[in-house]
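Participant: Shown below is the structure under consideration.
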Amino acid sequence: MAGDLRHPIFARLYPRMDAATARIGGAAHRDELLDGASGRVLEIGAGYGANFAHYPKTVGEVVALEPEPTLRRRAEEAAAVAPVPVTVRAGVAEDLDLDDASFDVAVASLVLCSVRNPVRALAEIRRVLRPGGELRYYEHVRHRDPGGVRFQRYADLVWPYLAAGCRSSRPTDEWIARSGFTVLRERRFSFPPSRLPNPAAPHVIGVAVRD
Ligand SMILES: C[S@@+](CC[C@H](N)C(=O)[O-])C[C@H]1O[C@@H](n2cnc3c(N)ncnc32)[C@H](O)[C@@H]1O
């Protein structure tokens, strides 16, 4: 399909890796991300649909975009057993074929690290959210200390090749705050717990409202 982004090895490995992190806290993070969401929801880069089981019943409909065809097929399977209606479509976050102000909530989880142009993706998300609509995000972000940022910049020389374009050093939380959103709440934490240094350890879960 035009616009597909193919990462066949990542697409096979990611569901297994994510299932392992789900058991040590990732599933609880997804509950926290989606707690209280309601109305019509857009999820960008839905992967294999790991969030779908976590949507509360207050959500009326989810439109889930996923550009990677293998992951998209897995997402369609997850949509079939989700607790709320989920439609899975191809599509990239930087170019949303969706009407202005047509969603109450947008969800970005572990995805703004990977999209080619995250600032453009945030502008597109803002466009399709109604005024006052929520961007709910769960992302790994740039370290706050200079040594940590240096480590992430070195890691990013190879990280994108191992993880389908993911960059560990993106200040996604700062970009959200500067993209026409007001951050209502945000929790910062390190995940997963590990003794080994992990460039993608600093995480945020937050809710920002479209100005
Ligand atoms: C680490 S996975 C996360 C998947 C899912 N959001 C989750 O929470 O498990 C990153 C996802 O971003 C998707 N992606 C990459 N570039 C994208 C883009 N430009 N627009 C939308 N999704 C993209 C990938 O195909 C992949 O599914």
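Bear in mind these aren't lab numbers, they're just calculated from the coordinates by the rules spelled out. Treat the numbers as computed from the prediction; the structure is a model and nothing was measured. All Cβ positions, glycine included, derive from the backbone under ideal geometry; neighbour counts span all protein chains shown.
Participant: Radius of gyration and Dmax for segment 156-211's Cα atoms, expressed in Å?
Facilitator: Spelled out, the Cα radius of gyration and Dmax of segment 156-211 are 13.4, 40 Å.
Participant: Charges on Cβ only, +1 for Lys and Arg, -1 for Asp and Glu, centred on the Cα centroid of segment 8-210; of Gly147, Ala64, Ala177, which one is farthest towards the dipole's positive end?
Facilitator: Positive-most Cα among the choices belongs to Gly147.
Participant: I've got another one for you. Given 0.36 nm per residue, what is the gain on full extension from Ser194 to Thr87 after removing their alpha carbon distance, in nm?
Facilitator: 34.9 nm
Participant: As a check on your grasp of the helix formula, calculate [θ] at 222 nm for the chain: sum -39500 (n - 2.57) over DSSP H runs of n ≥ 4, divide by the residue count, round to the nearest 500. Intermediate values should be presented prior to the final figure.
Facilitator: Numbers: 7 runs with 65 residues, N = 211.
Computed ellipticity for the chain at 222 nm equals -9000 deg cm²/dmol.
Participant: Taking the Cα-to-Cβ direction at Asp211 and at Leu157 and moving 7 Å from each Cα, how far apart do the two end points lie in nm?
Facilitator: 3.8 nm
Participant: Let me ask something additional. Give me the number: length gained by fully extending Thr182 to Glu32, i.e. 0.36 nm times residue separation minus the C-alpha to C-alpha distance, one decimal in nm.
Facilitator: 52.1 nm
Participant: What is the P(r) of the chain, as percent of Cα-Cα pairs per 10 Å bin from 0?
Facilitator: 9, 37, 40, 14, 1
Participant: Would you mind getting me the FRET efficiency between Ala101 and Ala123? Use the beta-carbon distance for r and R0 = 22 Å, nearest 0.05.
Facilitator: Working from the Cβ atoms, E equals 0.95.
Participant: Determine the equivalent ellipsoid of segment 139-188 by diagonalising the alpha-carbon gyration tensor, then write out the semi-axes as square roots of 5 times the eigenvalues, largest first, rounded to whole Å.
Facilitator: They are 23, 13, 8 Å, listed from largest to smallest.
Participant: Over all directions, average the projected area of the Cα convex hull of segment 65-163 and note it in nm².
Facilitator: 7.9 nm²
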